[in-house]
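What follows is one structure encoded as structure tokens, with my remarks underneath.
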Amino acid sequence: MDLIFSNAVNALFDPMTAAYAIAAIGIALHFGFTGLLNFGQASFMAVGAYGFAIATISFGLPFWGAVAVSVGLSVILAFLLGIPTLRLRSDYLAIVTIAASEMLRYIVSTTSAQPLTGGPQGLNNYSTEFYGLNPIPVGTYGFWNFTYSEREVFMRIVSWTLVVLFAIVLAILVRSPWGRVIKGIREDEDAVRSLGKNVYAYKMQSLIVGGLMGTVAGILFVIPRSVQPGNYGTQLTFFLWTMLLLGGASTVIGSVIGSMIFWGLLSLSDDLLRAGVDNGVITFLTNDQVGTIRFMIVGLGLMLLVIFRPQGIFGNKKELQFNG
Amino acid sequence: MANEIAKGPATPGVAKHDPILIVDNVRRQFGGLVAVDVEHLEIPRGMITALIGPNGAGKTTFFNLLTGFDTPDTGSWTFNGTKLSGVPSYKVARMGMVRTFQLTKSLNLLTVLENMRLGAQRQPGESIFAALFKPLWAKNEKAITVRAEELLKRFKLDAKSEDFAASLSGGQRKLLEMARALMTEPKMVMLDEPMAGVNPALTQSLLEHVKGLKDQGMSVLFVEHDMHMVRNISDWVIVMAEGKVVAEGPPNEVMKNPAVIDAYLGAHHDSDLGADKIAKGE
Ligand SMILES: Nc1ncnc2c1ncn2[C@@H]1O[C@H](COP(=O)(O)OP(=O)(O)OP(=O)(O)O)[C@@H](O)[C@H]1O
Ligand SMILES: [Mg+2]
């Protein structure tokens, strides 16, 4: 039992949770504050993952060079997605982003791209230099069920520092006059235009910055594992949206807490169900089914949330009253 | 009155002594319907000009065209000596020509005060890089807030400044939209039915506000169906029907013009409501 709860606590602070949180902060900027429907945050994460890994493996770039390549590619992707759609109604961006992210996933997994992207097998061995930056001496740290290697400690510190950093950047931006303009665009872009603001440029900036967060998240996500094309499907994007809505779309902290709750609950329900199956308490499930059932439980939880707290956990109830 | 503003007799398209806006051959067609077809029109500077006409006459479409919210099939126009054809709407606003909308566009989940601040121009904090460093824009923000609060007081919205705009009544939203437009410090204000849905008690103060704009040196062009208001505050009246300017002149003369009465009452509809008829009517 102890182990089940310590697994869940571990999930709360896992680097993967942090990576999802950063990507979700990006779509909070897109959707929660600018009103942009980006259903392709997975593609920005893929650009981060592949850009970083390919620049390191195939082009032998140093760590920061590889990061810079990913960032550059991310900005290019934002322009490619934004230029044809941001002058149109908001649903066009939704369609284009979802299509583009699926296309990107198919392209990187084709065998003809294999020399560069590894095709269906993906990529690995690109994190050596990152871990070389680790100042923490070799050893195991922590206590009880919470012990980590020096690499795991380093990864957690870097990931969560970045979460805090991006949350602060978002908080500063949305409280600034720039944030006022994008919130105005979310409400009614023609009104903002009539007041002399270049709405298109603001939407593009928001798309770029939120996309960059997705890209950084993509790099963090693959550092402790390998790059797998299968990870960048629509499911990834919808998990991010789930986290965002869980916490509250128009909040800064909501996406972070949303990500923690999401992974914490998944881990908890998984462990509890498995324990139940192993002890014979739950007889109508097999261990293989548990992996799927837990997503159903999270889905059910989300439905209950939407019914009883539609503004998300941290959202402002007052804001929602006016939408109806 | 007519010769104080116009150079000749008050016929459609008459030249003005000091026009702020000059329109030539602006035409907009929606499928088979010609919504706007204005051959020549001049709007006098520093005056209150009313644009009237029956429903569907093309007044709102004309506003949209002039302010860059819609693109005409043909035509050109100059504002304050600058050619505006093809200029995007946000640049039009920056040049000093600001408009409000017939269907009020309040930014609901922004507070009343934030709505107002958004109207301000040249706030460096609206650039994404400067936004990150508050000292770069805090001073401007203070000045903007002072100006916004003054305007809110004038429009009797100061008690609401911290409320969401969504919580305002329809009439209060009209007031907010107008006040917000003034935050841009415009040279010309274009109001699309500022009185629609505003209660009579408020109408009087809104009339005073519009007159006040003129006193501050702004030019006003407004669309309105309330003839009482048109008569009361406008220096000049332009009448549109079926996309064309069918009459213009000082309010008292225009109201007597048979072409105007026809346009409103629908007599001789579709047949002979043309420029010839008006010329004869003069
Ligand atoms: N986007 C559009 N597509 C097709 N037809 C349009 C469009 N916008 C306006 N129209 C048509 O153009 C004509 C002029 O419309 P407009 O809104 O300019 O009239 P208006 O003078 O402002 O009327 P009202 O006094 O009722 O506001 C109408 O017949 C309308 O149906
Ligand atoms: Mg209209």
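The values are calculated or read from the model by the stated rules, or taken from the named source; none is laboratory data. All values derive from a computational prediction rather than experimental measurement. Methodologically, a virtual Cβ is constructed for each residue, glycine included, from the backbone with ideal geometry; neighbour enumeration extends over all protein chains shown.
So which of B:Val254, B:Val239, B:Val230, B:Val246 ends up being in contact with a helix residue (DSSP H, G or I) (Cβ under 8 Å, 6 or more places away or on another chain), within 16 Å of ligand 1 (Cβ to nearest atom) and at pLDDT below 90? Write out each step before concluding.
Numbers: B:Val254 fails: within 16 Å of ligand 1 (Cβ to nearest atom); B:Val239 fails: at pLDDT below 90; B:Val246 fails: at pLDDT below 90.
Criteria check complete, one pass: B:Val230.
If you go through the range B:198-221 and keep only what is in contact (Cβ under 8 Å) with a residue 40 or more places away in the chain and not in a helix (DSSP H, G or I), you end up with B:Gly217, B:Met218, B:Ser219, B:Val220, B:Leu221.
What residue, among those in the range A:169-197 that are of a type outside the set (A, V, I, L, M, F, W, C) and assigned to a loop (DSSP other than H, G, I, E, B), is farthest from the other protein chains (Cβ to nearest Cβ)? Walk me through how you get there before you give the answer.
Taking the range A:169-197 first, the residues of a type outside the set (A, V, I, L, M, F, W, C) are A:175-177, A:179-180, A:183-184, A:186-190, A:193-194, A:196-197.
After this cut, where a residue has to be assigned to a loop (DSSP other than H, G, I, E, B) as well, the list is A:175-176, A:188, A:196-197.
Values: A:Arg175: 9, A:Ser176: 4, A:Asp188: 5, A:Gly196: 4, A:Lys197: 6 Å.
Taking the candidates together, the pick is A:Arg175.
The listed residues are B:Glu42, B:Glu126, and the only one of them that is within 14 Å of chain A (Cβ to nearest Cβ) and either within 27 Å of B:Ala6 (Cα to Cα) or without any contact (Cβ under 8 Å) to a residue 24 or more places away in the chain (or both) turns out to be B:Glu126.
I'd like the residue in the range B:107-130 that is in contact with a Gly (Cβ under 7 Å, 6 or more places away or on another chain) and under 11 Å from A:Val181 (Cα atoms) and, out of all such residues, is surrounded by the fewest Cβ atoms within 10 Å (Cβ to Cβ).
Going residue by residue through the range B:107-130, those that are in contact with a Gly (Cβ under 7 Å, 6 or more places away or on another chain) are B:107, B:110, B:118, B:121.
Still in the list and also under 11 Å from A:Val181 (Cα atoms): B:107, B:110, B:118.
Details: B:Leu107: 26, B:Leu110: 21, B:Leu118: 27.
It comes out as B:Leu110.
Per the conditions (1) more than 12 Å from chain A (Cβ to nearest Cβ); (2) over 23 Å from the mean Cα position of the chain (by Cα), the sole criterion not satisfied by B:Leu157 is (2). Only residues that are closer than 11 Å to B:Gly75 by Cβ and hydrophobic (A, V, I, L, M, F, W, C) were counted across the range B:23-55, and they come to 5. Looking only at the range A:140-166, residues that are assigned to a helix (DSSP H, G or I) and either more than 14 Å from chain B (Cβ to nearest Cβ) or among the β-branched types (Val, Ile, Thr) (or both) come to 15 in all. Only one entry in B:Pro12, B:Pro72, B:Pro54 is touching a residue at least 60 places away in the same chain (Cβ under 8 Å), away from ligand 2 (no atom under 15 Å from the Cβ) and away from chain A (no Cβ under 14 Å), namely B:Pro12.
Is it fair to say B:Pro194 is away from chain A (no Cβ under 14 Å), buried (at least 20 other Cβ atoms within 10 Å of the Cβ), outside any helix (DSSP H, G or I) and touching a residue at least 12 places away in the same chain (Cβ under 8 Å)?
Numbers: away from chain A (no Cβ under 14 Å): yes; buried (at least 20 other Cβ atoms within 10 Å of the Cβ): yes; outside any helix (DSSP H, G or I): yes; touching a residue at least 12 places away in the same chain (Cβ under 8 Å): yes.
The answer is yes for B:Pro194.
Could you pull out every one of the helices (runs of 4 or more DSSP H) wholly within the range B:35-147 that has 2 or more residues that are away from ligand 1 (no atom under 16 Å from the Cβ), within 20 Å of B:Gln216 (Cβ to Cβ) and at pLDDT 95 or above? Helices (runs of 4 or more DSSP H) meeting the threshold: B:89-94.
Looking at the structure I just gave you, is A:Phe52 within 18 Å of the chain's Cα centre (by Cα) and assigned to a helix (DSSP H, G or I)?
Numbers: within 18 Å of the chain's Cα centre (by Cα): yes; assigned to a helix (DSSP H, G or I): yes.
In short, yes.
Taking the range A:217-269 as the range and being outside any loop (DSSP other than H, G, I, E, B), among the polar types (S, T, N, Q) and more than 17 Å from A:Met45 (Cβ to Cβ) as the test, the residues that pass are A:Ser267, A:Ser269.
Would you point out the residue of the range B:222-259, among those that are within 24 Å of B:Pro200 (Cα to Cα), in a helix (DSSP H, G or I) and β-branched (Val, Ile, Thr), that is nearest to ligand 2 (Cβ to nearest atom)?
Step one: list which residues in the range B:222-259 are within 24 Å of B:Pro200 (Cα to Cα), which gives B:222-237, B:251-252, B:255.
Still in the list and also in a helix (DSSP H, G or I): B:227-233, B:251-252, B:255.
If we keep only those that are β-branched (Val, Ile, Thr) as well, we get B:230, B:233.
Details: B:Val230: 15, B:Ile233: 19 Å.
Only one residue tops the list, namely B:Val230.
Set side by side, the residues A:Trp263, A:Trp241 differ, and just one is under 26 Å from A:Val181 (Cβ atoms) and away from chain B (no Cβ under 14 Å), which is A:Trp241.
Hey, can you tell me all the residues within the range B:89-106 that are within 16 Å of ligand 2 (Cβ to nearest atom), buried (at least 18 other Cβ atoms within 10 Å of the Cβ) and not aromatic (Phe, Trp, Tyr)? Write out each step before concluding.
Looking only at the range B:89-106, we keep the residues that are within 16 Å of ligand 2 (Cβ to nearest atom), and these are B:99-105.
The next check asks that each one be buried (at least 18 other Cβ atoms within 10 Å of the Cβ); those that pass are B:99-101, B:104-105.
Across the range B:89-106, the qualifying residues are B:Arg99, B:Thr100, B:Thr104, B:Lys105.
So, B:Gly86, is that one surrounded by fewer than 17 Cβ atoms within 10 Å (Cβ to Cβ) and out of contact with any Cys (no Cβ under 8 Å at 6 or more places or on another chain) or not? Yes.
Of all residues in the range B:175-183, one or more are away from ligand 2 (no atom under 16 Å from the Cβ) and not in a helix (DSSP H, G or I).
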